[in-house]
Amino acid sequence: MNVEYTKVEIDMIRMMHRKFGINYGGIPRPLEKDEYIFRCIAMQEELLEYIHSIFNIEDKSTIKETVDEIKAHLETLELRTNMDLSEQFDALVDLSVFLRGACERQGFPYDEGWEEVMEANMRKELATSASQSKRGFKRDLIKPADWFPPNMKQFTYPSGLIILDGPDATGKSYLAEKLATRFNGTVFHHTWSKEIDETIPSYFGTTLARCIEVVELGGLAIIDRLYLSEQIYSKVFRNNAEKWEQEMVNISIMVKQMNAIEIICLPYDKERFLNFFNSMVKQRSEMYGSMSEVYDEYLTRGYEDPDDPFIRYDMWYDGDVDHIDKFVERIGAKLWNVNTGISNFEVNGS
């Protein structure tokens, strides 16, 4: 148990109470009825906010209605004449256990989140009347005009850059969507046309500039196709690999400097992939006619830099129906710099 940090938490609470004139008597004691009601409905309100963030509740106003109903009911009740403070203390500690347990189970960094929330609370002001409080309590804290909320996304979603490359029909766009949904990311999809081919460097450069903005704001940017695909497709299909060669090298250097996670979507079973691709060609006439040489190029490129290999993704992985979700979680852990043992670009790895 982090006893030292627990004391810091208590000290921060006491500092907030002192700031807003909420006196601490120094010994265990009961509260006035209105403060009991305030604390009960405030805790209930936060629990309902948690529930609303989990379940599909369309009308958030139902939370306020529920809290108002609880408050109205509590106001009709009398306080116990034979209160047992040990029962109240036990219940509050149990609430803390469930609260911290949920944070631990969900992987939330409680200590950092606590500091962020408490700093936001210290930016609030004490209400001067019950009418100022949304809970109708005169000693409630209210948000001044210049108040801003705690930034909890920095603790719950990773920041960084992910680049997905690979042949057509290897699951890049689907994987990008899964990553974006799981980690609140923004997807940038690149395509190709004769018109775009004349402005490839600026086309990619504009995307990278937007990605930098996303990352600097603490977000996750995901690019579907970048310099590697351009190099390979130019070589195999357009016979002009040298056209933007230096520009693509420059972009690759920039990507490395951004510590991007680079993924090649490339099934391990080449024959199965080619058969699948050929079946897709009949449905999507805009796709290229053959992927055999492209497949080989991606395979070779994965080994080009043995010190910094790409991560390989196979959209099939027979026998494991949850493989994509597991892959997404491993990439997430890598974004958080957690050791997952995720493999390099190995033909027989996973």
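Values in this text are rule-based calculations from the coordinates and carry no lab data. None of these values were measured; they are calculated from a predicted model. Cβ coordinates were reconstructed from backbone atoms using ideal geometry, including for glycine residues, and neighbour counts include every protein chain displayed.
Couple of notes before you dig in:
- Of the chymotrypsin sites (Phe, Trp or Tyr not before Pro) in the stretch 86-176, the ones in a loop by DSSP (not H, G, I, E or B) with at most 13 other beta carbons within 10 Å are W147.
- Cα gyration tensor shape of the stretch 157-335, rounded if a/c is under 1.5, else prolate or oblate by comparing a/b with b/c: oblate
- Based on C-alpha pairs under 8 angstrom that are at least 6 apart in sequence, the stretch 157-335 has a relative contact order of 32 percent.
- Rg over Rh for the stretch 63-114 works out to 1.14, using Cα positions for both radii and the Kirkwood form for Rh.
- Residue order, fewest to most surrounding Cβ atoms within 10 angstrom, among K194, K64, K178: K194, K64, K178
- Inter-part distance where the stretch 121-142 and the stretch 147-216 are each reduced to a Cα centre, Å: 42
- Summary value for the chain: 14 percent relative contact order, contacts being C-alpha pairs under 8 angstrom separated by 6+ residues.
- Relative contact order of the stretch 3-153, taken over Cα pairs closer than 8 Å and 6 or more residues apart, is 20 percent.
- In this simple spin-label model, placing a label point 7 Å from the Cα along the Cα-to-Cβ direction at both Y288 and N82 gives a separation of 8.4 nm.
- Estimated vicinal HN-Hα couplings, Hz - the stretch 76-85 in sequence order (Karplus 6.51, -1.76, 1.60; Gly, Pro = x): 7, 8, 9, 5, 4, 7, 10, 4, 10, 4
- For the pair D59 and K243, a Förster radius of 45 Å applied to the C-beta separation gives a FRET efficiency near 0.20, rounded to the nearest 0.05.
- Within the chain, longest stretch free of exposed GluC sites (Glu not before Pro) [DSSP loop, at most 14 other beta carbons within 10 Å]: 79-197
- Kirkwood Rh and Cα Rg combined as Rg/Rh, the stretch 1-92: 1.03
- Applying 0.36 nm per residue to the separation of D320 and I142 and subtracting their alpha-carbon distance, the gain on full extension is 59.0 nm.
- Residues A333 and N250, FRET efficiency given R0 of 22 Å [Cβ-Cβ distance, rounded to 0.05]: 0.15
- If you wrap the Cα atoms of the chain in a convex hull and average its projected area over all directions, you get 24.5 nm².
- Restriction of the trypsin sites (Lys or Arg not before Pro) in the stretch 252-297 to DSSP coil positions whose beta-carbon has at most 14 other beta-carbons within 10 angstrom yields K282, R284.
- In nm, spacing of pseudo-spin labels at V281 and L47 (7 Å Cα→C-beta vector): 6.2
- Cα shape, the stretch 3-153, gyration tensor, a/c 1.5 rule: rounded
- Relative packing of 156-163, 205-212, which averages over residues the other C-beta atoms within 10 Å, highest first: 156-163, 205-212
- Extension gain (nm, one decimal) between L31 and Q257, 0.36 nm per residue minus Cα-Cα: 75.6 nm
- Stretching R123 away from A72 to a fully extended chain increases their span by 15.4 nm, per 0.36 nm per residue minus the current alpha-carbon distance.
- Using a Förster distance of 30 Å, the FRET efficiency for L92-A130 (Cβ separation, nearest 0.05): 0.75
- Remark: the stretch 139-156, residue by residue, has Karplus-estimated 3J(HN,Hα) of 9, 7, 8, 10, 8, x, 4, 8, 6, 10, x, x, 8, 7, 5, 5, 9, 10 Hz, where x stands for each Gly or Pro and the curve is 6.51 cos²θ - 1.76 cosθ + 1.60 at θ = phi - 60°.
- Projected label points at I10 and C40, each 7 Å from Cα along the beta carbon direction, are separated by 2.7 nanometres.
- Note that the stretch 95-201 carries a Kirkwood radius of 18.6 Å, evaluated over its alpha carbons pair by pair.
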